[in-house]
1. For segment 75-234, what number of Lys pairs, 8 or more residues apart or on separate chains, have alpha-carbon atoms under 21 Å from each other?
2. Tilt of helix 327-349 relative to the longest C-alpha principal axis of the chain, in degrees (0 to 90, nearest 10)?
3. Considering only protein heavy atoms, what is the solvent-accessible area of Trp132 at a probe of 1.4 Å, reported in Å² to the nearest 10?
4. Using the Cβ atoms and a cut-off under 14 Å, what net charge is assigned to the surroundings of Ala100, where Lys and Arg are +1 and Asp and Glu are -1?
5. Residue-wise, which Karplus ³J(HN,Hα) couplings in Hz belong to segment 208-219, taking 6.51 cos²θ - 1.76 cosθ + 1.60, θ = phi - 60°, and x for glycine or proline?
6. Can you tell me the order of 260-266, 250-256 when each peptide is scored by its average per-residue count of other Cβ atoms within 10 angstrom, highest first?
7. Accessible area, 1.4 Å probe, largest first: how do Tyr329, Tyr291 sort?
8. Counting helices only, and only those DSSP H runs with n ≥ 4, report the 222 nm mean residue ellipticity of the chain as the sum of -39,500 (n - 2.57) divided by its residues, in deg cm²/dmol to the nearest 500.
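The values are calculated or read from the model by the stated rules, or taken from the named source; none is laboratory data. For clarity, every value in this text was computed on a predicted model and none was experimentally measured. A quick note on method: Cβ atoms are made from the backbone with ideal geometry, for glycine too, and the neighbour counts reach across all protein chains shown. All accessible areas refer to the heavy atoms of the entire protein, side chains included, with ligands and DNA or RNA removed. Shrake-Rupley method; radii C 1.70, N 1.55, O 1.52, S 1.80 Å.
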Amino acid sequence: MNEIAVTVVLPTYQEFESLPSLIEALKEVRAQELQHLQLIIVDDYSDDGTEQLIKDFDQEWIKLVIRKEDRGLSSAVIRGLQEASTEYCVVMDADGSHPASAIPAMVQAIQEGADFAVGSRYVLGGTTEDGWGMLRWLNSKIATLMARPFTKVLDPMSGFLAFRKTTFEQAKELNPVGYKIGLELIVKCGCKQVSEVPIHFSTRQLGQSKLTLGVQFEYLQHVIRLLRYTHPKLVSFFTFATVGLSGAIVYLLALNVLTPLFDERWEGIGAAVWVAMTWNFLWDRKYAFWYSRSNIVAQYLGFVAVCSVGAFANFYITNLLAASNAITYSGFIGVVVGSVIGIVFNFLVTRLLVFRK
Ligand SMILES: Nc1nc2c(ncn2[C@@H]2O[C@H](COP(=O)(O)OP(=O)(O)O)[C@@H](O)[C@H]2O)c(=O)[nH]1
Ligand SMILES: [Mg+2]
């Protein structure tokens, strides 16, 4: 393996205490197996002595990039990868969780045909150090489950990664927001064959974890973004249907509030139809057709025109039944009929004509 050139990208934020032992471990890997190993540390201006520490090490194979403007784990990783000029790249955490000794096996997995390798806790032979609380464990399990639609990898949450630089360069629409850069790369680089190399995942000994509640919320947004990327039509339709359901409830509420305010019943029903239609438009534009950002007024008029068939059926039936029934009951039948007529037609036609890319 000695001829292989590998760059290890290490994102750091206040890892002054953990860095020395990791650098020693990487030195060992260099001495034993990968003599051309390079290290790029991307530090987000920790200002904790990291800069002096690396200066004191004074090794030509170690490069320190200090970012003063940008922040965040994923964008730091991307920055490091952009700076790498070797055939192979490895990404790992600085806190000692990831054993440097697994790097050669991960690179070898790529050489043997995998597109991507992850250091895995959950594949046969992988282990996690004791001491994870119930909550952290459950958290990790749920997060892993949520990654299921994108990859069959058992440990998709891993931040210990290896791949060819050319694989990274294939990435489409990389979004550096969020913590799970491994998952992002597997999806956006279109990696089919992901190899899992068993590792022992150690608990951080020094310094603080940066995994906060905010980070977990970001993960939820990340999963939605990835779903939009991999299954855009399905996400659109599912969201459109959900908004439609909420619109039906809004319609029934509006009927009860508005009909008593008008002299004629049909006026109140018309107003409720209009309220529900506008409600649907605003949420559909924001979430079901997130990618379509043309003129909102033109889109609104188009939306109203397309939805008018179902909306009119709803209006007509509600008005007809309301002559002999309670308004909520009449409205319910009306909105069900209107929705059945509208759901597929409105979705397809607004998607095609109103909410274009
Ligand atoms: N450059 C940079 N590195 C970060 C940032 N947040 C976390 N890291 C690094 O990413 C790695 C994983 O972070 P860690 O806090 O251990 O997360 P955990 O293992 O999920 O608890 C460590 O090397 C951190 O120093 C950040 O905002 N910028
Ligand atoms: Mg950690």
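1. 18
2. 50 degrees
3. 50 Å²
4. Values: positive: Lys27, Arg30; negative: Glu24, Glu28, Glu33, Asp93, Asp95.
Every neighbour counted, the sum reads -3.
5. In residue order, the calculated couplings are 10, 6, 9, 7, 10, 4, x, 4, 6, 5, 4, 5 Hz.
6. On the way: 260-266: 11.3, 250-256: 20.6.
Put in order of decreasing packing, that is 250-256, 260-266.
7. Values: Tyr329 125, Tyr291 60 Å².
Greatest to least solvent exposure: Tyr329, Tyr291.
8. Details: 12 runs with 182 residues, N = 357.
Computed mean residue ellipticity for the chain: -16500 deg cm²/dmol.
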